[in-house]
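The values are calculated or read from the model by the stated rules, or taken from the named source; none is laboratory data. A quick note: this is a predicted structure, and the numbers were derived from the prediction, not measured. Cβ sites come from the backbone with ideal geometry, for glycine too, and all protein chains shown count toward neighbours. Note: areas computed on protein heavy atoms with side chains; ligands, DNA, RNA excluded. Shrake-Rupley method; radii C 1.70, N 1.55, O 1.52, S 1.80 Å.
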Amino acid sequence: DYYKMPLVTIEGPANVSKECKKELIENVSKAVSNAYQIPIQAIDIVIHENQPDNIGVGGKQLSEKE
């Protein structure tokens, strides 16, 4: 049943490699599986990639902060 499956959402930068995302998904899935004592196949991971223009920190776009 979909509503009983954990859904993990990760917010992060848009310039992360495919290999890094693969490793992140594997590691987070294993951690959630162990914590909830459920099969890893029951865990959904969604990565939202955010552009620096779309993030504000201290009243400024992240792309402006350097």
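Below are the figures for this structure:
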read-out: Filter pass, G58 being on the phi < 0 side of the Ramachandran plot and among the small types (G, A, S); value: no
read-out: Residues being open to solvent by 80 Å² or more (accessible area, probe 1.4 Å) and either in contact with a strand residue (DSSP E or B) (Cβ under 9 Å, 6 or more places away or on another chain) or part of a loop (DSSP other than H, G, I, E, B) (or both) - total across region 27-38; value: 1
read-out: Of residues in region 42-66 being assigned to a strand (DSSP E or B) and among the charged types (D, E, K, R), the one surrounded by the fewest Cβ atoms within 10 Å (Cβ to Cβ); value: K60
read-out: Any pair with Cβ under 7 angstrom, 6 or more apart, that starts in region 39-58 at a residue that is among the acidic types (D, E) and ends at one that is outside any strand (DSSP E or B) and open to solvent by 60 Å² or more (accessible area, probe 1.4 Å); value: D44/M5
read-out: Flag if L7 is open to solvent by 90 Å² or more (accessible area, probe 1.4 Å) and within 11 Å of the chain's Cα centre (by Cα); value: yes
